[in-house]
Amino acid sequence: AKRIFSGVQPTGVITLGNYIGAIKQFPELQDQGDAIYCIVDQHAITIQQDPKELRSNIRSLAAMYIAVGIDPEKSILFIQSEVPAHAQAGWMLQCVTSIGELERMTQFKDKSAKAAGTNETVLAALLTYPPLMAGDILLYNTDIVPVGDDQKQHIELTRDIAERFNKRYKKTFKIPDIALSKAGRRIKSLQDPTKKMSKSDANAKATIRLLDTPKQIEKKIKSAVTDSEGIVRYDKENKPGVSNLIDIEAALTNSSTEDVVAKYDGKGYGDFKAGVAQVVIDHLAPIQARYNELIDSEELDRILDEGAEKANAIANATIQRMEDAMGLGRGS
Ligand code: TYM
């Protein structure tokens, strides 16, 4: 069976972008292979986090993973910091990565520019984050990494790092492939459809979160930026706002953009937006109900304990092979 691995940062309630771009595929993939899903809390601290908030976001994301359909009988679900092998692998892989490669990452360029703009310090870990991510993936002999388009560069670097390690030391790693979802490679901000929808957007109206109430969802979609043409048609270039809403409905209903356009044939933007909002609300209702059952449950802790135990076993075996390849310690 193919090994599938993906991770999400616990930095606030996940967005419709995270969901459509990546997480929606996770339950579908767990029937096609051995899936491992991670709450990457060590990645989250590359930007300063409030400790209390981080703890609560970790738990919230864990509940959300299960609420969207991750089945702990089929998949391993765990928290990154509960598997020390990730930090160990991240360090070793930094030692086969050049500064130049890291400085070329667009996510680093964007986030460091943003930090500089607001007079925040740019942390070293923001630069060295990709080898930690490579470690996440490589520790589990991963075949497939389902992610959104914005992570493509990191996956390509992961492949380079793995190949380099294999060549320089000893064949240790499988070279993973990326899996982009067809529907929502990049869901856009509702307020600026040329930018991606982002968890950290300062404008709350730009982002739909999976725990938003029906009222909030309706309001945000109603005020989504569109254009003055007044015709619902799919044209990413000239109508990015309308096309983004079409993408959202198509992804959530597993239909084509043509089907969505046909549904709104002859309708104005008012009806169109109300229709898309209803699709989002209906899709999220059962997820939110399941989330509320889980969030304070002992079941959730049991799942995470078990997940960490299974993940530790796999990851520690890889660490052993990495240390042997590099000649660290005394060997076993
Ligand atoms: P993160 O937490 O920023 O995002 C989680 C997933 O959501 C996708 N995504 C989007 N997809 C479509 N449209 C959007 N607007 C949008 N915004 C986010 C992301 O591509 C991602 O798949 N570095 C990763 C987390 C990570 C990881 C890993 C992923 C750490 N280690 C190992 C895979 C394998 C990140 O910051 O994702």
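Evaluate the range 164-183: report whether one residue or more is in a loop (DSSP other than H, G, I, E, B) and either among the acidic types (Asp, Glu) or within 14 Å of Lys273 (Cβ to Cβ) (or both). Looking for residues that are in a loop (DSSP other than H, G, I, E, B) and either among the acidic types (Asp, Glu) or within 14 Å of Lys273 (Cβ to Cβ) (or both), one finds none in the range 164-183, hence no. Kindly indicate whether any position in the range 55-76 is away from the ligand (no atom under 13 Å from the Cβ), part of a strand (DSSP E or B) and either crowded, with 16+ Cβ neighbours inside 10 Å or of a type in the set (S, T, N, Q) (or both). Yes, that holds for at least one residue.
Candidates Asp247, Asp324: the one that is open to solvent by less than 20 Å² (accessible area, probe 1.4 Å) and among the acidic types (Asp, Glu) is Asp247. For the range 214-225, check the following and say yes or no: at least one residue is within 12 Å of the ligand (Cβ to nearest atom), within 27 Å of Ala289 (Cα to Cα) and in contact (Cβ under 8 Å) with a residue 40 or more places away in the chain. For the range 214-225, residues within 12 Å of the ligand (Cβ to nearest atom), within 27 Å of Ala289 (Cα to Cα) and in contact (Cβ under 8 Å) with a residue 40 or more places away in the chain: absent. Suppose the filter is open to solvent by 20 Å² or more (accessible area, probe 1.4 Å) and near the ligand (Cβ under 10 Å from one of its atoms); does Gln25 pass it? Spelling it out, Gln25 is indeed open to solvent by 20 Å² or more (accessible area, probe 1.4 Å) and near the ligand (Cβ under 10 Å from one of its atoms).
Remark: pairs (first residue in the range 40-55, of a type in the set (D, E, K, R); second residue part of a loop (DSSP other than H, G, I, E, B); Cβ separation under 7 Å; 6+ apart in sequence or on different chains) = Asp41/Pro10. Among all positions in the range 190-202, there is at least one residue which is within 15 Å of the ligand (Cβ to nearest atom), surrounded by fewer than 15 Cβ atoms within 10 Å (Cβ to Cβ) and polar (S, T, N, Q).
Would you pick out the residues in the range 250-294 that are open to solvent by 40 Å² or more (accessible area, probe 1.4 Å) and aliphatic (A, V, I, L, M)? Of everything in the range 250-294, those that are open to solvent by 40 Å² or more (accessible area, probe 1.4 Å) and aliphatic (A, V, I, L, M) turn out to be Ala262, Ala274, Ala285, Ala289.
Gly100 fulfils the conditions (1) open to solvent by 10 Å² or more (accessible area, probe 1.4 Å); (2) under 22 Å from the mean Cα position of the chain (by Cα) except for a single criterion, (2). The numbered conditions (1) of a type in the set (A, V, I, L, M, F, W, C); (2) surrounded by fewer than 17 Cβ atoms within 10 Å (Cβ to Cβ); (3) away from the ligand (no atom under 13 Å from the Cβ) are all true for Ala87 except (3).
Residue check: is Tyr140 touching a residue at least 24 places away in the same chain (Cβ under 8 Å), under 21 Å from the mean Cα position of the chain (by Cα), open to solvent by less than 20 Å² (accessible area, probe 1.4 Å) and under 21 Å from Ser198 (Cβ atoms)? When the stated conditions are applied, Tyr140 does not pass them.
The values are calculated or read from the model by the stated rules, or taken from the named source; none is laboratory data. Computed from a prediction, not measured in an experiment: that's the story for all the values here. Glycine also receives a Cβ, built like all others from the backbone with ideal geometry; neighbour counts cover every protein chain displayed. The accessibility values were calculated without ligands, DNA or RNA, using every heavy atom of the protein model including side chains. Shrake-Rupley method; radii C 1.70, N 1.55, O 1.52, S 1.80 Å.
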